[in-house]
Amino acid sequence: MQERIGVFVCKCGPNIGDKIDVDTIVNEVKNIDGVVTAKSHNLLCSNDGLEFLKEEIIKGNLSRVVVAACTPKMYEQKFMNTCEEAGLNPFLFHMTNIREQVAWVTPDKILATEKARKLCLAAINRMSFQEPIEKKEIDVQPDVLVVGGGVAGLEATLTLTAKGRKIILVEKDDSGKTETTESAQFRRVYLVEKSPCIGGVSARFEEVYQTMECAPCMLSPELQEVLQKENVETLTYSEVEEIVGSFGNFTVKIRRKARYVSEEACIGCNACFEPCPIEIPNQYDGGLSKRKAIYLPYAGALPNVPVIDRLNCLHLNGKECNACEQACAFGAINFEDEDRLIEKNVGAIILAVGSKLSDPTQFPQFGYGKYDNVLSAIQLERLNASNGPTGGKILLRNGQEPKSIAFIYCVGRKEKGYCSGICCMYMSALAHHVKEKLPDVKIYSFYTDLCLPKKEHQKIFEKVLAKGVEFIRSDGSEYVDYDGKKLIVKYKTESSVKSVLADMVILAPPVEPAKDIEKLAKLLDIPLDEHGFFSEEHILMKPFGAPLEGVFVVGTCQGPKDIGDSVAQGSASAGKILSRLMLGEKLELEPIVAEIDEEICCGCNTCIGLCPFSAIHRDVEKKVSVIDDTLCRGCGTCVAACPTGATKAKNFTMEQISAEIMEVAK
Amino acid sequence: MKDEKLAIVTFLCNWCSYEGADKAGNARLNCPSNIRIIRVMCSGRIEPQFVIQAFIDGASGVLILGCHPGDCHYKKGNYKAIRRISLLKKMLRQFGIEQDRVRLDWVSASEGERFAKVANEMAETIEQLGPLPELKILN
Amino acid sequence: MPKPKVAFYWCASCGGCEEAIVDLNEDILKVVELVDIVFWPCAMDFKYDDVRKMKDNEITVAFINGAIRTDEQEEMANLLRKKAQIVVAFGSCSHLGGIPGLANFWDRETIFESSYGKGCPSVDNPDGIVPQTVSKVPEGELTLPAFHNTVKSLDQVIDVDYYIPGCAPPPYLTMKAIVAILSGELPEKGAILAPEKTLCDECSLNDSKPEKISIKEIKRISEVISDPEKCFLAEGVICMGPVTRSGCSEEGDGKCISANMPCRGCFGPPPEVKDVGGKMISALASIVGLEGEENMSEEDVEKLINQIVDPAGYFYRFSLPTSLLRRKRMSNPAKEDRYNG
């Protein structure tokens, strides 16, 4: 069938009209085979112009439309909508730019007209190969998997489940009678946390900057809400084992590790702790206190259901002991408990698995692990905490109060190659707390660079300065020695090597990725950055979207950040999901994608590894490559690479581009 | 004034260089009129077949512009373009087509001036090279 | 009813296609039973005049192998076209230009120079004598067919009805084509009588391929001891399989592949490919150095790409005359051509 092409050249007032001889072009293209209408308009993007375009399409029964005007970046969508209103598939329209790329850059009218003419001919030539593209929608699973129960994961969970949606369904039966049914739909969130309790690292901190607020108190309402929410399933002591599928429809396998304590039966009286004969260092306190084999990481941890540590429990290691079982009045202890694998379907995944502070023994120059009173910041944090090993007193290992403390910032920064960005503040906050408790203690703060970017930071720093903390800038080559009585901190300034004596040294080691990151990255086939954190899709524009559609990397697993920033990302990722995975609605897919003709594909696998969005996989049975159009973004890299021509880039096909080349190359 | 008759088929990626070219227009920078633009989504879509076709259809030069390496909207499309065009140029030399007739470069969405500079340089290069050596199929 | 008449002719080729006819083995007897072979200079004694004397369309089908390199070949191709109802381009040279087509990287002048000139180590020719189309000798005039500047495929000289690809075509495809033509079950004009899918589809090594391929280093087949169980490309040896039609072996495992050699591309590209070199560059350069591409410097890229020593020769080994570019553009083609008599 012969196409009925309409060509519309916009004069854009004088912008194009004065620079290009529009009438000459219109008169020439009129005579091209297939062109049934060619007209100019003074301002096609105006309401008048759009109405004119619509009428022309309908009146001329046009099957293809070319608009030569300004950059498609401005009004392409508007024109496409107009085509649609006129009953024409918007992809049967093509726009060519004769304003920004011709009229405005070519002062000579003859040359400008010639260039515009070529571009118009190219667009017209393309028309024979233009194909309608139908918008595709898929059913989606609105539920979400959140991995990691720290502040970022909690915030995401609460934002996602804040509100359900009432769905009103109106149905007409054959007799014409309408029946209205109302139903409420809620989005479920599966919150998977590896440790026995939720709250993450933040819950360890007695007082956090910038507010100097007690973090557990600050978090408690959120934790309670998450645990009580009907549409949140909190799966603590659990790990993700397998993820398949794509945006809108992932299937996730989760391992629920045996807790040996029934979550239903346990009332959280903690009567089982005392009789347990095992004592091991409590990592939660930085190893400063002891815990039992049946334990909660800290008093008040939520959910308030202990776990039995299977490595250390006597009973689980074949010894005769059932002390906890006897102590439990509710029959909650179950030594027969086993790991369970459960499966969930979700539409999107938020990874919020956090980070950890590096083990300072990696940096031996500071004597951590060698000298008793060299502590990491997190250990000082616990000493300072009222529920910590010393009941909140700052004490040396020998039980005495320190007279002088050296804080060393920027530990391992050189080795790691990045600034963790939070240490300056938490070290200042710690110095502040120590000064409150021990006003006479002498504090030295060694730093290489200070990082005080936020609006409250400067103030806290100044407060600490005012309290008499001495800040000493060194070149990052501090070294800790011990003379039998005191710790000696040697440091270098620009001019000389100096040293100070101190009773206690506090290290601020770098924030580094949590162990699980690598495993999750493999499960999802998403990249890590050079430091081992999750890579974001775009550091500025998509700072928490993983390069896989529907997967978000929020909080410190994406890079070191403070509580506020983590919460913001958690919330923002939830927003992204809420705006795309609507309850009761379908997911509209990107129309310009690539597709593979399996009748042509030879199964050479060339394309699979090229896709930056992991949208291509091999169909093992058919021995061909298959594109998942929920993941494809239409860049066309695979199309160019396909050696057989089986892969087609919609709206940018070989034929379409060739047709353009043919005209502009002349 | 030059006659600007030697066509330079110019492929621009949708996200960076096409916008860069628009910026050149917004700033009313002069660009040679033989720079003839075809928009694609990504420099990774550019097939050597397109470049070859441009030459046999009469172009004297082919300019391919994409996002700067590391800034690709699709992350890695431009890296593919680097290797493809590098191998293509090597092959074109074997066909007696000067490698300067093909240029792959980067223009970001804000670099209107850079677009105009690259476009003018390319036009200058092609002006000096003249038309593509004629394809003579003699008996 | 008289038997259909069949002609075979060779142009610029190695003779392998003639062998391929003989390779029909016992089947050739069946063919001979069904047809009269009216012209086959390689195997039987016929004169060009015998053909000239035939009526137009008297021959049912003419199988022409070899590329067009000389006047004589062009003349005979035109003659056979006139006398035959169906012309089949038989084998890679006729179909695509073939190995003789690689001469299109030079022209007559440079070829004669290297074959008869001072630089040629195997020729003692102090007077620089080169073949002439007409030479006067005391006995009269001697003629030689003119040597063309550019090699052409058969369809660049005459209208071709069907193509049987391959260097040389496998006997089973030839037999299939003969049977189809004799039984009147003719495919669409212009058809290439081989499968459309490319070789990977039937390659026995295809399953050995990793899903994501990244080639760190390109190796030439002579530099490696290739593992007969592994895909050549994945191992860094350039194989034209992805961009070459399958069907070269009746058993369906690739003739060269089963001899532990990578595909060289003699079956030519599948229908969707406009230019085999362009496509191969695109596919190959995409996976060469894919891993860690973001950290590659310009020099790294150049080093990697330079491992592909002769891209044009490799990719267009069988198809230079039918590639989009067709031949090398010579820098001074205007020079007077003293060999064109």
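The values are calculated or read from the model by the stated rules, or taken from the named source; none is laboratory data. Here the structure is a predicted model, which is why all the values come from computation and not from measurement. When we count neighbours, we look across all protein chains shown, and the Cβ atoms used for this are built from the backbone with ideal geometry, even at glycine.
Points to keep in mind about this one:
- Residue within the stretch A:568-591 that is among the β-branched types (Val, Ile, Thr), out of contact with any Gly (no Cβ under 7 Å at 6 or more places or on another chain) and within 14 Å of chain C (Cβ to nearest Cβ) present: no
- Of all residues in the stretch B:39-73 being outside any loop (DSSP other than H, G, I, E, B) and more than 13 Å from the chain's Cα centre (by Cα), the one that is farthest from A:LYS650 (Cα to Cα): B:ILE56
- Hey, C:SER114 surrounded by fewer than 17 Cβ atoms within 10 Å (Cβ to Cβ), at pLDDT below 95, over 24 Å from C:ASP310 (Cα atoms) and small (Gly, Ala, Ser) or not: no
- Test result for A:ALA69, at negative phi and in contact with a Cys (Cβ under 6 Å, 6 or more places away or on another chain): yes
- The stretch A:623-649, residues that are out of contact with any helix residue (DSSP H, G or I) (no Cβ under 8 Å at 6 or more places or on another chain) and either assigned to a loop (DSSP other than H, G, I, E, B) or facing another protein chain (nearest Cβ under 7 Å) (or both): A:ASP628, A:ASP629, A:THR630, A:LEU631, A:CYS632, A:ARG633, A:GLY634, A:ALA646
- Filter result for A:GLU155 (more than 30 Å from A:THR630 (Cβ to Cβ), assigned to a helix (DSSP H, G or I) and acidic (Asp, Glu)): no
- The residue that is surrounded by the most Cβ atoms within 10 Å (Cβ to Cβ), among those in the stretch A:589-648 that are on the phi > 0 side of the Ramachandran plot and not polar (S, T, N, Q), is A:GLY636.
- Residues of the stretch C:33-68 satisfying the condition of being of a type in the set (A, V, I, L, M, F, W, C) and closer than 18 Å to C:ALA180 by Cβ: C:LEU34, C:VAL35, C:ILE59, C:VAL61, C:ALA62, C:PHE63, C:ILE64
- Every residue from the stretch C:203-240 that is assigned to a loop (DSSP other than H, G, I, E, B), of a type outside the set (A, V, I, L, M, F, W, C) and more than 11 Å from every other protein chain (Cβ to nearest Cβ): C:SER204, C:LYS216, C:GLU217, C:ARG220, C:SER226, C:ASP227, C:PRO228, C:GLU229, C:LYS230, C:GLY236
- Listed by position, the strands (runs of 3 or more DSSP E) contained in the stretch A:240-312 that have at least 2 residues being under 28 Å from A:LYS519 (Cα atoms) are A:249-256, A:280-282.
- All positions within the stretch C:112-142 that are in contact (Cβ under 8 Å) with a residue 24 or more places away in the chain and either in contact with a Phe, Trp or Tyr (Cβ under 6 Å, 6 or more places away or on another chain) or assigned to a helix (DSSP H, G or I) (or both): C:PHE112, C:VAL130
- Screening A:ALA659 against (1) surrounded by fewer than 23 Cβ atoms within 10 Å (Cβ to Cβ); (2) in contact with an Asp or Glu (Cβ under 6 Å, 6 or more places away or on another chain); (3) among the hydrophobic types (A, V, I, L, M, F, W, C) leaves a single unmet condition, (2).
- Only one entry in C:SER282, C:SER297 is facing chain A (nearest Cβ under 8 Å), over 22 Å from the mean Cα position of the chain (by Cα) and free of Cβ contacts under 8 Å to residues at least 40 places away in the same chain, namely C:SER282.
- Filtering the stretch C:244-267 to residues that are polar (S, T, N, Q) and either out of contact with any helix residue (DSSP H, G or I) (no Cβ under 7 Å at 6 or more places or on another chain) or in a helix (DSSP H, G or I) (or both) leaves C:SER258, C:ASN260.
- Once the stretch A:33-57 is narrowed to residues that are in contact with a Gly (Cβ under 9 Å, 6 or more places away or on another chain) and closer than 17 Å to A:PRO90 by Cβ, the residue that is surrounded by the most Cβ atoms within 10 Å (Cβ to Cβ) is A:LEU53.
Quick grid of which residues meet (1) farther than 19 Å from B:LYS89 by Cβ; (2) at pLDDT 95 or above; (3) outside the structural domain of C:THR110 (by TED's automatic domain parsing):
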site: C:GLY292; (1), (2), (3): yes, no, yes
site: C:VAL309; (1), (2), (3): no, no, yes
site: C:ARG317; (1), (2), (3): yes, yes, yes
site: C:ARG329; (1), (2), (3): no, no, yes
site: C:LYS335; (1), (2), (3): yes, no, yes
site: C:ASN340; (1), (2), (3): yes, no, yes
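- A count restricted to the stretch C:300-321 and to residues that are free of Cβ contacts under 8 Å to residues at least 24 places away in the same chain, assigned to a helix (DSSP H, G or I) and under 29 Å from the mean Cα position of the chain (by Cα) stands at 2.
- Restricting the stretch A:593-618 to residues that are at the interface with another protein chain (Cβ under 7 Å from one of its Cβ atoms) and among the β-branched types (Val, Ile, Thr), the residue that is nearest to A:CYS642 (Cα to Cα): A:THR606
- Meets criteria (farther than 26 Å from A:ASP565 by Cβ and either part of a loop (DSSP other than H, G, I, E, B) or assigned by TED's automatic domain parsing to the domain that holds A:LYS498 (or both)) for A:ILE460: no
- Scan of the stretch A:115-168 for residues that are polar (S, T, N, Q), more than 30 Å from A:GLU182 (Cα to Cα) and either within 14 Å of chain B (Cβ to nearest Cβ) or surrounded by fewer than 24 Cβ atoms within 10 Å (Cβ to Cβ) (or both), ordered by number: A:ASN125, A:SER128
- Pairs where the first residue, in the stretch C:143-155, is more than 7 Å from chain B (Cβ to nearest Cβ) and within 18 Å of C:VAL130 (Cβ to Cβ) and the second is of a type in the set (A, V, I, L, M) and assigned to a strand (DSSP E or B), C-beta under 9 Å, 6+ apart: C:THR143/C:VAL134; C:LEU144/C:VAL134
- Members of the stretch B:49-78 found to be surrounded by fewer than 21 Cβ atoms within 10 Å (Cβ to Cβ) and over 30 Å from C:ASN295 (Cβ atoms), listed by number: B:ILE56, B:ASP57, B:GLY58
- Evaluated against (1) over 15 Å from C:VAL88 (Cα atoms); (2) assigned to a loop (DSSP other than H, G, I, E, B), C:CYS200 falls short on exactly one condition, (2).
- If the condition is being in contact (Cβ under 8 Å) with a residue 60 or more places away in the chain, within 20 Å of A:MET74 (Cα to Cα) and assigned to a helix (DSSP H, G or I), then the stretch A:4-53 contributes A:ASN15, A:ILE16.
- Exactly one residue out of C:GLU291, C:GLU298, C:GLU250, C:GLU302 is in contact with a Gly (Cβ under 9 Å, 6 or more places away or on another chain) and not β-branched (Val, Ile, Thr): that is C:GLU291.
- Test: residue in the stretch B:82-105 that is closer than 17 Å to A:HIS538 by Cα and either buried (at least 19 other Cβ atoms within 10 Å of the Cβ) or away from chain A (no Cβ under 13 Å) (or both): no
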